[in-house]
Amino acid sequence: MFSNDSYLIANELSIIKSEQYLLKDISLEIKAAEITLFLGHNGAGKTLLMQVLHGLILPDQGVVSSAPATRQRMVFQKPIMLRRTAAQYFDFVCPGLGPAQRHLWFDRAQLISRMHAPARRLSGGEQQKLALIGALGAKPNVLFLDEPAASLDVEATLLVEKLIADARDAGTSIVMTSHNRAQAARLADRVVFMDHGQITEQTEAKAFFSGPRSTAGRHYLEF
């Protein structure tokens with residue numbers, strides 16, 4: 001079981017395909033009200049690990065102890081939009097919130113003018129923000145974010161970063177990936193660095209960015 005200050009613990013997780021390890025012996029603990037950044041090069045296993053932790057993929061070996069699935073949310077790099085208006089999409093993923101709360105979330109995401117537009121016709125960046133506020137509005141214990149600012153310009157990226165930081169400050173554990181190292185340094189409380197399906201180090205973000213312990217981590221920051 002996990003402690004009161006943790007929402008998720010993974011014990012020796014492995015994913016094996018065609019006799020090859022995609023993830024190998026992954027053990028980690030996600031603390032409450034922290035932002036954990038999964039860093040590493042493409043193909044390191046970051047997104048796959050998030051999917052396993054969220055329960056979308058079952059591990060071949062190992063165990064995940066976590067908050068109930070109803071208390072978790074995940075936002076993919078390319079969100080799945082429903083055949084609804086943006087407002088109807090939000091109401092669907094956040095049942096029980098009234099019009100005033102919906103309006104507040106759309107205002108925070110600077111999407112008021114797009115509330116009644118078809119969700120599928122929003123720009124990529126607008127869809128990303130809509131998916132994010134839909135997840136945040138549910139007030140999950142754990143929120144998984146796969147490259148949450150990949151489609152956004154600088155202004156929108158900073159807005160999304162504030163939404164993420166505010167959620168952390170309100171008690172949500174954020175687990176996210178990012179190829180933006182400046183963003184990672186701004187947001188992360190902890191860094192989990194992955195290389196070829198394994199964790200080479202997990203440490204406080206300041207310690208990682210000031211001097212990674214692993215050779216792979218040092219090469220990553222030098223790249």
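Numbers below:
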quantity	calculated
From the C-alpha gyration tensor of the chain, square roots of 5λ in Å	30, 19, 16
Most to least accessible of 222, 12 (protein chains only, probe 1.4 Å)	222, 12
Percent carbon-and-sulfur accessible area, the chain, ignoring ligands, DNA and RNA, probe 1.4 Å	50 percent
Shape of the range 14-134, Cα gyration tensor, a/c cut at 1.5	prolate
Rough spin-label spacing in nm, given labels placed 7 Å along Cα→Cβ, for residue 12 and residue 78	3.8 nm
Lysine pair number, Cα distance threshold 22 Å (strictly under), the range 1-155, separation 8 or more or different chains	9
Simple spin-label estimate for residue 207 and residue 169 in nanometres, 7 Å along Cα-Cβ	2.6 nm
Extension gain (nm, one decimal) between residue 64 and residue 162, 0.36 nm per residue minus Cα-Cα	32.4 nm
Extended-chain gain in nm, criterion 0.36 nm per residue less alpha-carbon gap, residue 19 and residue 214	67.6 nm
Normalised contact order of the range 126-187, rounded percent, pairs of Cα under 8 Å and 6 or more residues apart	41 percent
Projected label distance in nm at residue 104 and residue 139, using a 7 Å step from Cα toward the beta-carbon	0.9 nm
Span-like helix ranges in the chain, DSSP H, alpha carbon extent 15 angstrom or more, Kyte mean at least -0.5	124-137, 154-169
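The values are calculated or read from the model by the stated rules, or taken from the named source; none is laboratory data. Quick caveat, the model's predicted, so the values are computed rather than measured. Ideal geometry is used to build each Cβ from the backbone, glycine not excepted, and the neighbour counts take in all protein chains shown. Side chains included, ligands, DNA and RNA excluded: accessible areas come from the protein's heavy atoms. Shrake-Rupley method; radii C 1.70, N 1.55, O 1.52, S 1.80 Å.
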